[in-house]
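This report concerns only the one structure given below.
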Amino acid sequence: MASETRLSPNNGIAFLQGFLARPKEVGSIIPSSRFLEKKLVDIAGLATAKVVVELGPGTGGTTEAFLKAMPEDAKLLAIEISPEFARRLQERFTDPRLIVWNGSAEHILQALDEHKLEKADAILSGIPFSTMPKEVAVNILRSIRESLTPGGCFVAYQFRDHVEKLGTPELGPAEEFSEVRNIPPVKIFRWRR
Ligand SMILES: C[S@@+](CC[C@H](N)C(=O)[O-])C[C@H]1O[C@@H](n2cnc3c(N)ncnc32)[C@H](O)[C@@H]1O
């Protein structure tokens with residue numbers, strides 16, 4: 001149901017432009033690889049999820065992979081802080097399961113409430129925890145904890161392990177995975193509520 005393939009050069013250029021304009025917020029010069037997308041789908045159990053939240057969808061490569069994996073009656077709430085990326089996502093996808101919310105991941109519950117969605121079965125995040133102020137990172141982790149349904153999981157993919165150090169006091173110990181076929185290799189952390 002996604003309306004465009006992730007190989008569009010326009011998306012790659014827009015992603016790079018976003019990085020050049022806001023390097024700390026975007027945190028990477030290229031989008032995630034297909035290897036990483038596939039691993040995230042499996043680790044987060046998206047094939048059986050009903051409400052999924054994506055934090056930091058960027059230009060939508062991961063969003064497309066998540067939508068492909070999700071059931072027909074599921075919903076994906078994509079929370080993106082950049083108005084430009086949010087606008088591109090709205091234009092890129094026609095899938096009725098996707099809701100794009102332009103704002104900060106500090107306010108997940110507000111976004112779920114505005115769209116009358118239940119708490120999330122899975123929250124996936126590629127936002128760079130290592131370059132944001134600690135106070136914002138902790139606010140986001142608390143927002144994640146409040147927004148997960150019992151048994152739901154939070155999956156963070158990162159080049160560094162800041163998110164694990166910050167997340168443990170808020171969410172408990174994480175399970176750790178990795179994907180070395182990504183450029184650069186990425187660590188994946190999963191917490192279950
Ligand atoms: C590394 S990019 C990930 C893009 C895409 N998910 C991927 O894996 O290719 C990080 C994204 O997080 C967004 N972002 C950063 N801080 C955010 C926040 N507090 N709330 C929501 N999105 C945020 C950035 O604008 C950027 O689109």
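The values are calculated or read from the model by the stated rules, or taken from the named source; none is laboratory data. Since the structure is predicted, the reported quantities are computational estimates derived from the model, not experimental observations. In this analysis, Cβ positions are derived from the backbone assuming ideal geometry, glycine residues included, and neighbour counts consider all displayed protein chains.
The number of residues in the stretch 50-63 being more than 6 Å from the ligand (Cβ to nearest atom), of a type outside the set (Gly, Ala, Ser) and buried (at least 24 other Cβ atoms within 10 Å of the Cβ) comes to 5. A single member of Ala14, Ala21 is surrounded by fewer than 21 Cβ atoms within 10 Å (Cβ to Cβ), within 15 Å of Pro128 (Cβ to Cβ) and more than 13 Å from the chain's Cα centre (by Cα), and it is Ala21.
The strands (runs of 3 or more DSSP E) found entirely in the stretch 106-193 that carry 2 or more residues being under 16 Å from Val51 (Cβ atoms) and in contact with a Phe, Trp or Tyr (Cβ under 9 Å, 6 or more places away or on another chain) are 120-125, 148-158.
Step by step: first the residues of the stretch 76-88, then only those that are more than 10 Å from the ligand (Cβ to nearest atom) and within 14 Å of the chain's Cα centre (by Cα), then the one that is nearest to Ile140 (Cα to Cα). Which residue is that? The qualifying residue nearest to Ile140 (Cα to Cα) is Leu77. If we keep just the residues of the stretch 32-46 that are within 12 Å of the ligand (Cβ to nearest atom) and in a loop (DSSP other than H, G, I, E, B), which is farthest from Cys153 (Cα to Cα)? Once the filter is applied, the top-ranked residue is Ser33.
Would you call Ser125 among the hydroxyl-bearing types (Ser, Thr, Tyr) and at pLDDT below 95? No, not satisfied. Looking at (1) surrounded by fewer than 23 Cβ atoms within 10 Å (Cβ to Cβ); (2) touching a residue at least 24 places away in the same chain (Cβ under 8 Å); (3) in a loop (DSSP other than H, G, I, E, B), which is the one condition that is false for Ile29? Going through (1) surrounded by fewer than 23 Cβ atoms within 10 Å (Cβ to Cβ); (2) touching a residue at least 24 places away in the same chain (Cβ under 8 Å); (3) in a loop (DSSP other than H, G, I, E, B) one by one, Ile29 breaks only (2).
Taken over the stretch 150-173, the residue count meeting the criterion of being exposed (fewer than 15 other Cβ atoms within 10 Å of the Cβ) and more than 14 Å from the ligand (Cβ to nearest atom) is 7.
For the stretch 91-99, the criterion of being farther than 22 Å from Lys50 by Cα and either under 16 Å from the mean Cα position of the chain (by Cα) or assigned to a helix (DSSP H, G or I) (or both) is met by at least one residue.
All conditions but one from (1) touching a helix residue (DSSP H, G or I) at 6+ places or on another chain (Cβ under 6 Å); (2) under 25 Å from Ser33 (Cβ atoms); (3) polar (S, T, N, Q) apply to Asn139; the one that does not is (2). Against the numbered list (1) at negative phi; (2) more than 8 Å from the ligand (Cβ to nearest atom); (3) at pLDDT 95 or above; (4) not hydrophobic (A, V, I, L, M, F, W, C), Asn10 comes up short only at (3).
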